[in-house]
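Taking it in order: structure first as structure tokens, then the write-up.
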Amino acid sequence: MAHALWGLLRSPVPPELRTDLAFGLLILVLFLMQVATGILLTLYYQPSPAMVAESVQFIMRDVSWGWLVRGTHHWSAHALIAVCGIHLARSFCLGTYRRLGSATWYASVVVLALLVVLTFSGQILAWDNEAYWRLSRVVRQVESIPAIGRSLARVMRGGDEMGATTLSRTYSAHTMLVPWLVWMLIFLDTWLLVRCLRIRVGGTP
Amino acid sequence: MIVVLRQGSTEEEIAEVLRDLERRSLRGRIVHAGGKPLIHVTSGSTRRARRLLRLDQVEALVPTSGPRVRVEGRRFYPYYFVNLCAGFVLVLGLLVLLAGQLPSGMGVEIDAQHPPSETQFPWYARAPLAFVALFPESLAWLGWLVLLVLAGVVFFLPTLDRSQRRTLRERWWIVAAGILAGIGWLYLTLSEGAR
């Protein structure tokens with residue numbers, strides 16, 4: 001990554017690629033911010049129904065700058081979805097998916113879908129009344145899918161009832177499974193963009 | 001980097017070396033200079049090119065300074081990235097400001113027996129949920145299926161859109177479809193938010 005960025009500094013950025021590059025790097029920066037603040041939050045957050053409220057209160061009131069870390073994590077997640085959505089809408093209308101190669105488009109679409117899952121699961125981790133009923137409504141809709149719905153809902157709940165296992169599974173997905181997938185895809189997306197740029201300016205890909 | 005092949009290498013052997021070059025993400029072109037066949041490696045790292053010596057038909061590699069001079073001699077262009085970094089700092093400042101002014105709150109304790117009169121979803125999830133709510137509850141899966149098909153169409157857009165038209169005016173139909181989808185999304189988001 002450092003090599004690629006150093007290569008970019010040595011390259012004149014063509015005007016037609018500047019906006020794409022700005023969006024790609026902004027998404028990368030926001031995601032890194034998510035990772036950094038997320039790691040800080042996991043130091044204090046306790047994923048058990050009995051302790052969630054207490055640990056969130058502790059983060060907000062007692063931990064130095066805890067309110068800022070939690071707030072920044074929350075707002076940067078929303079910003080990430082918005083920026084990714086605008087980036088895709090722009091590519092859709094201007095047809096840049098043909099100029100940059102289809103792989104960047106595929107990666108961006110999957111990243112947006114995963115970011116929605118990531119942010120939604122993050123909001124469930126508050127495990128308050130609103131989060132509980134939000135998840136309950138989503139699980140009910142998943143349950144209505146013929147054939148696989150019931151099993152899928154059972155996997156999401158971790159049993160027949162929503163409880164400690166549901167929270168634990170949501171926490172695992174939010175902190176371990178989905179972020180790695182997003183990271184790999186954002187890395188791939190940025191690398192493809194940088195490669196395209198370096199080929200365009202006549203450098204070595 | 002020049003790859004020198006053995007005298008009398010056949011076309012098949014030369015093609016094999018070229019295939020190996022491609023496999024290592026290198027680019028080369030054959031130089032017809034008489035005598036031994038030569039391949040000029042025009043792009044790619046020297047380290048990867050050195051592995052070509054393992055091939056039987058490759059006799060030697062002659063390093064050239066061409067690509068190195070081109071990369072090293074390139075001017076430094078930090079201006080765009082300085083502007084970009086300033087923009088990023090502004091965005092991060094805005095996020096910190098939002099975090100301070102509109103902090104994420106702490107909700108009330110769970111009451112699993114009594115569902116609230118309405119469940120407010122975040123802005124990004126309102127439109128798909130409102131779309132699914134257009135279907136009867138027993139057919140909610142059909143709504144999700146339609147959404148999945150639409151998402152599939154968007155995902156495979158580079159495969160579906162094979163037209164050579166480039167400008168916005170030539171691609172008016174796709175822009176119109178995008179604007180309609182945007183208006184629909186906004187309407188559904190607002191209708192779910194108002195519910």
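The values are calculated or read from the model by the stated rules, or taken from the named source; none is laboratory data. Please read all numbers here as calculations on a predicted model, not as lab measurements. No Cβ is skipped: glycine too gets one built from the backbone with ideal geometry, and neighbour counts run over all protein chains shown.
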Requested in this report: Scan (1) at pLDDT below 90; (2) over 21 Å from A:ALA147 (Cβ atoms); (3) surrounded by 15 or more Cβ atoms within 10 Å (Cβ to Cβ) for the single condition B:LEU95 breaks and write down its number.
Outcome: (1)
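Could you check how many residues of region B:35-50 are hydrophobic (A, V, I, L, M, F, W, C) and within 11 Å of another protein chain (Cβ to nearest Cβ)?
1
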Query raised in the report: So which pairs qualify, if the first residue must be in region A:162-177 and under 9 Å from A:PRO49 (Cα atoms) and outside any helix (DSSP H, G or I), the second must be among the small types (Gly, Ala, Ser) and modelled with pLDDT under 90, the Cβ gap must be under 6 Å, and the two must be at least 6 apart or on different chains?
Result: none
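Go through region B:66-92 and report how many residues are over 27 Å from A:TRP65 (Cα atoms) and modelled with pLDDT of 80 or more. Full working, then the answer.
Taking region B:66-92 first, the residues over 27 Å from A:TRP65 (Cα atoms) are B:66-84.
Restricting the remaining residues to those that are modelled with pLDDT of 80 or more gives B:82-84.
Summing the residues that are over 27 Å from A:TRP65 (Cα atoms) and modelled with pLDDT of 80 or more in region B:66-92 gives 3.
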Report summary line: Checked B:THR119, B:THR189 against criteria (of a type in the set (Val, Ile, Thr), closer than 30 Å to A:HIS74 by Cβ and not in a helix (DSSP H, G or I)); the one match is B:THR119
Query raised in the report: Looking at this structure, is A:VAL56 more than 30 Å from B:LEU160 (Cβ to Cβ), in contact with a helix residue (DSSP H, G or I) (Cβ under 6 Å, 6 or more places away or on another chain) and touching a residue at least 12 places away in the same chain (Cβ under 8 Å)?
Result: no
Query raised in the report: Among the numbered criteria (1) closer than 22 Å to B:PRO122 by Cβ; (2) of a type in the set (A, V, I, L, M); (3) more than 10 Å from every other protein chain (Cβ to nearest Cβ); (4) in contact with a helix residue (DSSP H, G or I) (Cβ under 7 Å, 6 or more places away or on another chain), which single criterion is violated by A:ALA107?
Result: (1)
Report summary line: When B:ALA127 is run through (1) in a helix (DSSP H, G or I); (2) facing chain A (nearest Cβ under 8 Å); (3) surrounded by 16 or more Cβ atoms within 10 Å (Cβ to Cβ), the failure sits at (2)
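From the list A:SER121, A:SER76, A:SER91, which one is within 7 Å of chain B (Cβ to nearest Cβ), among the small types (Gly, Ala, Ser), crowded, with 18+ Cβ neighbours inside 10 Å and assigned to a helix (DSSP H, G or I)? Before the answer, list the steps.
Values: A:SER121 fails: within 7 Å of chain B (Cβ to nearest Cβ); A:SER91 fails: within 7 Å of chain B (Cβ to nearest Cβ).
Among A:SER121, A:SER76, A:SER91, only A:SER76 is within 7 Å of chain B (Cβ to nearest Cβ), among the small types (Gly, Ala, Ser), crowded, with 18+ Cβ neighbours inside 10 Å and assigned to a helix (DSSP H, G or I).
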